[in-house]
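In what follows, a single structure is set out as structure tokens and then discussed.
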Amino acid sequence: MLPFLKADYGNASSVHQRGRIARHGIEAAREAVANIVNAHPSQVIFTSGGTEANNQALNVMRSRAASGRCVVSAIEHASVLDVAKQLLQYGYELNQCGVDVQGQVIKEHFVELVATKPLLASVMMANNETGGLQPIAELSAIARDAGVIFHTDAVQALGKIDVDFAATGAHMMSLSAHKLYGPKGVGALIVEPGFDVAPLLVGGGQEKGRRSGTENVAAIVGFGMAAMLAQQERTPRAVHTQALRDHLEQGLRALPDIIVFGQKAARLPNTLFMAVPGIDGETLLMELDRVGLEVSSGSACDSEKTGASHVLLAMGVDPELARCAIRISFGKDNTVADVDALLEALQQQIHTLRSLSSMAWA
Ligand code: PLP
């Protein structure tokens, strides 16, 4: 990224040499991003991140018809759910598809909703809290058979599992660079060839008129490099993080009352969502942070919102228990020693916080 922030600081739309260098950087990145999801570079629209890609995907509704309905799963990220809710203000309707206790979309419910011919359906590939995976190819086929546009938010999945856009059969798919060690503030919407996606931003006509605005060249280049590395290293990263998570799960069995959510469903290799009943998730998070252990309560992207996770509530988890949830996710540089430190800190904190709460009640 550095050359594009320094010497090669050209505008990719300029025809002079430095502009052409910037354009080359963007197009190489487009190829790398297309490669990792088995798409053609012309299918990649660079955006400012997963949020923008999700907004653009759902807003396709507005360009297709003056009224209509969308179907989204109840566990979507806010950047899908809130857009769907915003569309209500423009007269569109919304159905939320339920999930079971493991966080899996209830297929019969999805089939039922799609049969009523909504304009668009959106189901995420991997959940950002539980890590739970959905059978996207199957859901997308159900939607297509009913003539419904299908979008999937693959932000959490990319770099952790195989994400093959063509194999999903989706019309649109959202990605974000910072989930695979790329820079923050850049992502992409992948579209099926020939699929007409209306721009959210109009103006200079960049990205073939599908996303105007001078491109953030360095960030896009960083996304391309992160995608290339993630494609090369995906399997060893997955094996490594899954071994760490298995080690954690084994250690958690020795601690009293721990609940792991969505453990019986297929999950991302690196994610674990758990609760210690009676211990507030935010409090536990802050105590762990004090000893240098960074976890999150719910999704970090949602963390300014307080209260119980909508994902857990949709899974039928008691709101009190849902407020105790913390998400632990491992990265490629974590070690077994990190997991042991976490287990030790958890044991200590559970002991301390439990004694404090029993003193408060005494
Ligand atoms: N979708 C999911 C599943 C996410 O976890 C996130 C959070 O990072 C987003 C979308 C939003 O992506 P971004 O942070 O790039 O806007």
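The values are calculated or read from the model by the stated rules, or taken from the named source; none is laboratory data. No experiment lies behind these values; they were computed from the predicted model shown. Note: ideal-geometry Cβ built from the backbone for every residue, glycine included; neighbour counts use all protein chains shown. Please note that ligands, DNA and RNA were not included when accessible areas were found on the heavy atoms of the full protein model with its side chains. Shrake-Rupley method; radii C 1.70, N 1.55, O 1.52, S 1.80 Å.
Structure notes:
- Qualifying residue in segment 70-87 (condition: more than 29 Å from GLY185 (Cα to Cα), in contact (Cβ under 8 Å) with a residue 40 or more places away in the chain, open to solvent by 10 Å² or more (accessible area, probe 1.4 Å) and in contact with a helix residue (DSSP H, G or I) (Cβ under 8 Å, 6 or more places away or on another chain)): no
- Applying the criterion of being assigned to a loop (DSSP other than H, G, I, E, B) and either at pLDDT below 95 or not aliphatic (A, V, I, L, M) (or both) to the residues of segment 13-58, the residue that is farthest from the chain's Cα centre (by Cα) is HIS16.
- For segment 88-107, a residue qualifies if it is open to solvent by 50 Å² or more (accessible area, probe 1.4 Å) and under 27 Å from PHE330 (Cα atoms), and the qualifying residues are ASP100, VAL101.
- Consider segment 49-69 and keep the residues that are charged (D, E, K, R) and surrounded by fewer than 22 Cβ atoms within 10 Å (Cβ to Cβ). The one that is nearest to the ligand (Cβ to nearest atom) is ARG62.
Yes/no per residue for (1) farther than 18 Å from GLY132 by Cβ; (2) more than 10 Å from the ligand (Cβ to nearest atom):
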residue	(1), (2)
ALA154	no, no
ALA157	no, no
ALA167	yes, yes
MET173	no, yes
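- Of the residues making up segment 59-69, those that are in contact with a Phe, Trp or Tyr (Cβ under 7 Å, 6 or more places away or on another chain) and either assigned to a helix (DSSP H, G or I) or free of Cβ contacts under 8 Å to residues at least 24 places away in the same chain (or both) number 2.
- Among the candidates VAL186, VAL114, VAL123, VAL105, residue that is in the same structural domain as GLY224 (by TED's automatic domain parsing), among the β-branched types (Val, Ile, Thr) and touching a Leu at 6+ places or on another chain (Cβ under 6 Å): VAL123
- Boolean, ALA300 is modelled with pLDDT under 95 and within 16 Å of the ligand (Cβ to nearest atom): yes
- Tally, over segment 90-116, of residues that are under 23 Å from ASN59 (Cβ atoms) and touching a strand residue (DSSP E or B) at 6+ places or on another chain (Cβ under 8 Å): 11
- Residue in segment 134-147 that is within 16 Å of the ligand (Cβ to nearest atom), in contact (Cβ under 8 Å) with a residue 60 or more places away in the chain and over 16 Å from the mean Cα position of the chain (by Cα) present: no
- Here is the figure for segment 105-133: residues that are touching a residue at least 60 places away in the same chain (Cβ under 8 Å) and either within 16 Å of the ligand (Cβ to nearest atom) or of a type in the set (Lys, Arg) (or both) total 9.
- Filter result for LEU272 (farther than 21 Å from HIS77 by Cα and either outside the structural domain of GLU344 (by TED's automatic domain parsing) or surrounded by 17 or more Cβ atoms within 10 Å (Cβ to Cβ) (or both)): no
- Screening ALA243, ALA254, ALA238 for residues that are surrounded by fewer than 19 Cβ atoms within 10 Å (Cβ to Cβ), within 17 Å of the chain's Cα centre (by Cα) and not assigned by TED's automatic domain parsing to the domain that holds TYR181 leaves exactly one candidate, ALA238.
- Filtering segment 243-298 to residues that are part of a helix (DSSP H, G or I) and over 16 Å from LEU343 (Cα atoms) leaves GLU282, THR283.
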